[in-house]
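Here is the structure we will look at, set down as C-alpha cells.
The values are calculated or read from the model by the stated rules, or taken from the named source; none is laboratory data. The structure displayed is predicted, hence computed values, not measured ones. Because the Cβ atoms are built from the backbone with ideal geometry, glycine has one as well, and the counts that use them run over all protein chains shown.
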Amino acid sequence: MWQIDPVSLRLFIAVCEEGAIARASEREFIAPSAVSKRIADIEAAFGTPLLLRSKLGVVPTPAGQALLRHARQLMRSMERLQGELSEYAEGARGHVRILANVSAIMEFLPEELSDFMLANANIQVDIEERFSADVVRGVAEGNADLGICRRSMATGDLEFIPYRRDHQAVVVNASHPLAGRTSIAFRETLDYDHLGLSAYATLNAFMRRTAAESGHELRLRTHVSSFDAAYRLIQAGLAMGIFPREAVERYAGLFGLHVIPLEDDWAEGEFVICVRDAEALSLSAKRLLNHLLARLPAAGSAA
C-alpha cells in the first residue's frame with residue numbers, strides 16, 4: 001500500500017492544475033523526470049493509471065480525479081494543522097483567512113470584522129479583495145477559509161450560505177438633471193453618460209445587454225478602478241454612476257452626491273458566504289462564521 005507522501009501529492013496536484021509535467025516542474029522547482037518518477041510510483045502502488053498523456057499535455061483519469069479531490073483535502077488539512085500549531089507557538093489561538101469582493105468590503109465587512117476581532121483578541125483575521133468568481137475559486141482551492149461573493153457566482157461544490165442584500169442606485173452630483181428624483185428606472189438613465197467601475201465588470205456587461213434589449217446604448221464615458229476616483233469624477237460632473245446604495249451613502253455628503261434608488265427588479269443583489277465544508281472549519285473560522293450570521297438583521301436582509 002502506498003504511504004501518503006505530501007511532496008508527491010503536491011506535485012500531482014500541480015501536474016493536474018498545469019496540464020503538463022513540464023509546467024508543473026517549473027512551478028514546483030523540481031526536475032520533470034523527478035515529477036514523472038513520483039507519479040509513476042503512485043500509479044504502480046495502486047495498479048492503475050492516474051494521468052492520460054498526449055502531445056497536448058496530461059489530464060487525470062477517473063482514478064486521477066479521485067486522487068486529486070482527496071489530495072486537495074489532505075493538503076488543506078495539513079496546511080491548516082501546520083498553521084494552527086504555528087499560531088499556538090506564536091501565542092495566537094487562531095487564524096482565519098477571508099476572500100471578499102469589493103462590495104462586501106465597502107459596505108459592511110470592516111465593521112463586522114472589527115467587532116469580531118475586538119471580542120476575540122487571540123484570533124488573527126486576514127482579508128483579501130478578489131472578484132466574486134475568484135473568491136469562489138480561491139475558497140475551492142483552499143486559499144481561504146471563508147469567502148463572501150455575489151450569489152450569481154455561487155457555482156461548484158462549495159457550500160453557499162445566504163448572507164446579506166444590497167441595492168443598486170444611481171449616483172449623481174447636485175447639478176445633474178436627475179438629482180431631484182427619489183427613485184428611477186434604469187432605462188431613464190440611458191440618455192446620460194455613465195461611469196464604469198472596473199470591479200463591477202459583470203454589472204457593466206449586464207447593463208450593456210439590458211440597454212441593448214431596450215434599443216438603447218449604455219454610454220460609458222470612462223472607467224475607474226476605485227470608489228474614491230468614481231466619487232470625485234461624479235462630483236465633477238463627468239458622468240453618473242450605478243453603485244450599491246449601501247456602499248455610497250456614507251460618502252455621499254462628503255462628495256456632495258445624490259443617491260437615487262433604482263426601481264428595477266435586478267437592482268437588489270444578494271451576497272453569500274462560501275465554504276468548502278462548514279463542519280470541517282477550524283474553531284476560529286466557525287466562530288467567525290457564526291458571528292457574521294448572528295449579526296444579520298431579523299428579516300435576513302442588509303440594512
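If Ala212 satisfies all but one of (1) touching a Leu at 6+ places or on another chain (Cβ under 7 Å); (2) part of a helix (DSSP H, G or I), what's the number of the condition it fails?
All conditions are met except number (1).
Restricting segment 267-285 to residues that are touching a strand residue (DSSP E or B) at 6+ places or on another chain (Cβ under 8 Å) and exposed (fewer than 13 other Cβ atoms within 10 Å of the Cβ), which is modelled with the lowest pLDDT?
Only one residue tops the list, namely Leu283.
Cβ-Cβ below 6 Å, separation at least six or inter-chain, first residue in segment 113-125 and touching a residue at least 60 places away in the same chain (Cβ under 8 Å), second part of a helix (DSSP H, G or I) and small (Gly, Ala, Ser): which pairs?
What qualifies is Ile123/Ser284.
Inside segment 234-265, can you point out the residues that are touching a residue at least 12 places away in the same chain (Cβ under 8 Å) and either among the basic types (Lys, Arg) or not assigned by TED's automatic domain parsing to the domain that holds Arg181 (or both)?
Selection gives Arg245 alone.
Looking at Phe186 and the list (1) buried (at least 20 other Cβ atoms within 10 Å of the Cβ); (2) aromatic (Phe, Trp, Tyr); (3) farther than 20 Å from Thr222 by Cα, which single condition is not satisfied?
(3)
Out of Asp157, Asp166, Asp145, report the one residue that is under 26 Å from Val275 (Cα atoms), exposed (fewer than 14 other Cβ atoms within 10 Å of the Cβ) and either in contact with a helix residue (DSSP H, G or I) (Cβ under 7 Å, 6 or more places away or on another chain) or in the same structural domain as Val102 (by TED's automatic domain parsing) (or both). Break it down stepwise before answering.
On the way: Asp166 fails: exposed (fewer than 14 other Cβ atoms within 10 Å of the Cβ); Asp145 fails: exposed (fewer than 14 other Cβ atoms within 10 Å of the Cβ).
Of the residues listed, the single one that is under 26 Å from Val275 (Cα atoms), exposed (fewer than 14 other Cβ atoms within 10 Å of the Cβ) and either in contact with a helix residue (DSSP H, G or I) (Cβ under 7 Å, 6 or more places away or on another chain) or in the same structural domain as Val102 (by TED's automatic domain parsing) (or both) is Asp157.
Testing Leu178 on (1) modelled with pLDDT under 95; (2) part of a loop (DSSP other than H, G, I, E, B), one condition comes back false. Which one is that?
With respect to (1) modelled with pLDDT under 95; (2) part of a loop (DSSP other than H, G, I, E, B), Leu178 is out only on (1).
Report whether or not Ala169 is at pLDDT 90 or above, part of a loop (DSSP other than H, G, I, E, B) and not aromatic (Phe, Trp, Tyr). Let's see the steps before the verdict.
Details: at pLDDT 90 or above: yes; part of a loop (DSSP other than H, G, I, E, B): no; not aromatic (Phe, Trp, Tyr): yes.
It is false that Ala169 is at pLDDT 90 or above, part of a loop (DSSP other than H, G, I, E, B) and not aromatic (Phe, Trp, Tyr).
Which residues, taken from segment 1-60, are surrounded by 13 or more Cβ atoms within 10 Å (Cβ to Cβ), in a loop (DSSP other than H, G, I, E, B) and of a type in the set (D, E, K, R)?
Hit for segment 1-60 is Asp5, nothing else.
Given the residues Arg76, Arg53, which is the only one that is more than 30 Å from Ile123 (Cβ to Cβ) and either without any contact (Cβ under 8 Å) to a residue 12 or more places away in the chain or not hydrophobic (A, V, I, L, M, F, W, C) (or both)? Lay out the reasoning, then the answer.
Details: Arg76 fails: more than 30 Å from Ile123 (Cβ to Cβ).
Step by step, each of Arg76, Arg53 is checked, and only Arg53 is more than 30 Å from Ile123 (Cβ to Cβ) and either without any contact (Cβ under 8 Å) to a residue 12 or more places away in the chain or not hydrophobic (A, V, I, L, M, F, W, C) (or both).
Asn204 fails exactly one of the following numbered conditions: (1) touching a residue at least 24 places away in the same chain (Cβ under 8 Å); (2) surrounded by 14 or more Cβ atoms within 10 Å (Cβ to Cβ); (3) closer than 25 Å to Phe271 by Cα. What is the number of that condition?
Looking at each condition in turn, Asn204 falls short on (1).
Starting from residues that are out of contact with any helix residue (DSSP H, G or I) (no Cβ under 8 Å at 6 or more places or on another chain) and in a helix (DSSP H, G or I), keep the ones in segment 120-142 and report whichever is nearest to Gln73 (Cα to Cα).
Ala140
Name, by its number, the condition in (1) surrounded by fewer than 18 Cβ atoms within 10 Å (Cβ to Cβ); (2) under 21 Å from Met153 (Cα atoms); (3) in contact with a helix residue (DSSP H, G or I) (Cβ under 6 Å, 6 or more places away or on another chain) that does not hold for Pro244.
Answer for Pro244: the failing condition is (1).
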